[in-house]
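Right, one structure below, let's go through it.
Every number here is computed from the coordinates shown, using simple stated rules; none is lab data. Since this is a predicted model, take the numbers as computed values, not measurements. Glycine gets a Cβ as well: all are built from the backbone with ideal geometry, and neighbour counts include every protein chain shown.
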Amino acid sequence: MRYFILIISCVILYSCNMTTESSEQINDPEFDQSFKDEHNSRNSLDWAGVYTGILPCADCEGIQTKVELQSNFTYRKTILYIGKSQKKFEAQGKFSWDKEGGKIRLQNQEQPNSYKVVENALITLGLGDKEIEGDLKSNYRLEKVNAE
């Protein structure tokens, strides 16, 4: 009976030890960093497409905004100041990704010209390429239009 208890105890201790080792491997900081380096918005999302929304405006009802991103890293941006003018302003050119692959910057474009790329949306970034905080945060989002 002693041997039986001894064998059961060894099996339990050995299995607990194996569980701890496998948990340590999953939480390995190097593993986490390499995963983050390999998976970002640029290489993991279907980011090419058309994004639209109405951004806040200080002296009008809103800025109707449309940004079209092409897979060849070119863009076309159209804006209309609602309640102020019927004239649409268009710009086009190239865009570039930041080194982390999560944000884009529209070249040769006045502010706002930087966006955080997330699943099916662009988040308009403010000064210093930081997300807008506060009550109006959700108003700085351009949603991707489904092409059907």
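Would you mind classifying the range 61-148 by shape? Square roots of the alpha carbon gyration tensor eigenvalues, ordered a ≥ b ≥ c; an a/c under 1.5 is rounded, otherwise it is prolate if a/b is larger than b/c and oblate if not. Note, shape of the range 61-148 comes out rounded. Placing unit charges on each Cβ (+1 for Lys and Arg, -1 for Asp and Glu) gives the range 52-120 a dipole about its Cα centre, and among GLN109, ILE54, ASN120 the Cα reaching farthest toward its positive end belongs to GLN109. What whole-number distance in Å separates the alpha-carbon centres of the range 37-57 and the range 64-99? Distance between centres, Cα-based: 13 Å. Estimated from the Cβ-Cβ distance and a Förster radius of 30 angstrom, the FRET efficiency linking ASP135 and GLN86 is about 0.50. Straight-distance candidates among the lysines for linking to LYS130, with alpha-carbon spacing under 25 Å and chain neighbours fewer than 8 residues away dropped: LYS36, LYS66, LYS77, LYS94, LYS99, LYS103, LYS116, LYS144.
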